[in-house]
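So the structure is just underneath, and the comments pick up after that.
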Amino acid sequence: FRAEGLPVDLAYVPLIESAFKPNALSRAKAKGIWQFMQGTGLENGLKHDWYIDERSDPEKATYAAAKYLKTLHKMFDGDWHLALASYNGGPGRVQRAMNRSGRKDFWSLTATTRYLPRETRDYVPLILAAMIIARNPAQYGMNIEPQPSPDYDVVMLPSAVDLRRIAEWAGTPVQAIQELNPALRRWTTPLRATDYELKVPNGTADLVRTALLETPAEELAPLNRHTVKKGETLLSIARKLKVSRADLAEANYLKTTAKLQTGQQLIIPRAPTLLLAARTDAPGPDAEQADAVLA
């Protein structure tokens, strides 16, 4: 945020959004520490498909949040209170509320219940309070011990690889690989990725690279496949194999209405024999201090 010229206090927004849980999921399907909706994430550079959801990648999502917050800040003429309100409720809703009310600042806009929903009215004070407390935890009876940054290596994968293989080579549980790579939604890295950067425990990168070179390509990701027969469609194959047509299409980078060719190879969206590790999804201050926040 400092590099992007944004107030560093904005780094505390996820305290309210998600408690910094990478796979936090709201009732409205907002996800990640920054609680991006899928469309907003895509607009700000976060990839999403059957294999990955970069809203759950803390680093990539933070870059996207910085980009989005800069956009909102500019949209609302440099008013951070309105920008934050629109981060919660959407810029269109806040702009409509301003147009209906004729009010141009957050505090006058929320002095009544008429224009914005309660969640958005409460959101900005919550964020400001979180920032104030995070700046001065001892003042509020909190003893905060900073957590060390996770140590990891990065390995470039030339093709899809089963996470169990990676875990075996690194000598670590599959869950450890998943925790380092929360953007991965499946048991494998993306099918079409030829340069996927995977995080592995510190000190294990060379082990993984050596094993990659020694393992036959067909054993890197033992995926279930189906060869399309004459007359078969995505729907008929999905019914036959008892999988979702949407999953079948998305796993193969196809539209659900795509026509298939006889002999075409399809990936069946089902883990061969492995069980994915469980994901854990989640779901006004003092005036003088509030004015100082985001300065």
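The values are calculated or read from the model by the stated rules, or taken from the named source; none is laboratory data. Quick caveat: nothing in here was measured; it's all calculated off a predicted structure. Cβ coordinates were reconstructed from backbone atoms using ideal geometry, including for glycine residues, and neighbour counts include every protein chain displayed. Please note that ligands, DNA and RNA were not included when accessible areas were found on the heavy atoms of the full protein model with its side chains. Shrake-Rupley method; radii C 1.70, N 1.55, O 1.52, S 1.80 Å.
Counting only protein heavy atoms and using a 1.4 Å probe, what share of the accessible area of the stretch 66-107 belongs to carbon plus sulfur, as a whole percent?
Answer for the stretch 66-107: carbon and sulfur cover 48 percent of the accessible area.
Length available on full extension from ALA138 to LYS240: 0.36 nm per residue minus the Cα-Cα distance, which gives 30.6 nm. Using a probe of 1.4 Å on the protein chains alone, the accessible area found for THR172 is around 30 Å².
Taking 0.36 nm per residue of separation and subtracting the Cα-Cα distance, full extension of the segment from ARG2 to SER108 would add 35.2 nm.
Ligands, DNA and RNA are left out, and with a 1.4 angstrom probe the accessible area of the chain is 55 Å² per residue.
Using heavy atoms of the protein chains and a probe of 1.4 Å, the accessible area assigned to PHE36 is about 10 Å². Counting only Cβ charges, +1 for Lys and Arg and -1 for Asp and Glu, the dipole size of the chain around its Cα centre is about 1760 debye. Element breakdown for the stretch 1-54 at a 1.4 angstrom probe: carbon and sulfur atoms account for 53% of the accessible area. Please say if the chain is rounded, prolate or oblate, where rounded means a/c under 1.5 for a ≥ b ≥ c the square roots of the C-alpha gyration tensor eigenvalues, and otherwise the choice is prolate for a/b larger than b/c and oblate otherwise? Oblate shape, in that a/c is at least 1.5 and b/c is the bigger or equal ratio. Simple spin-label estimate for VAL154 and LYS229 gives 4.7 nm between the two label positions (7 Å along the Cα-to-Cβ direction from each Cα). Sorting TRP187, TRP169, TRP107 by solvent-accessible area of protein heavy atoms yields TRP107, TRP169, TRP187, largest first, with a 1.4 Å probe. Computed from label points 7 Å out along Cα-Cβ, the spacing between ALA211 and LYS29 is 3.5 nm.
Find the relative contact order for the stretch 104-207 and round it to a whole percent, using C-alpha pairs within less than 8 Å whose residues are 6+ positions apart.
For the stretch 104-207, the relative contact order is 29 percent.
Surface composition of the stretch 151-248: carbon and sulfur make up 49 percent of the accessible area, probe 1.4 Å.
When the residues ARG114, ARG186 are ordered by accessible surface, computed with a 1.4 Å probe over the protein chains alone, the sequence from largest down reads ARG114, ARG186. Adding -39500 (n - 2.57) for every DSSP H run of four residues or longer, then dividing by how many residues the chain holds, sets the calculated 222 nm ellipticity at -11500 deg cm²/dmol. Ordered from highest to lowest accessible area with the whole protein assembly present and a 1.4 Å probe, ARG121, ARG55, ARG270, ARG27 read as ARG27, ARG270, ARG121, ARG55. Using alpha-carbon positions, what is the distance between the centroids of the stretch 66-97 and the stretch 226-265, in Å? The stretch 66-97 and the stretch 226-265 have Cα centres separated by 42 Å.
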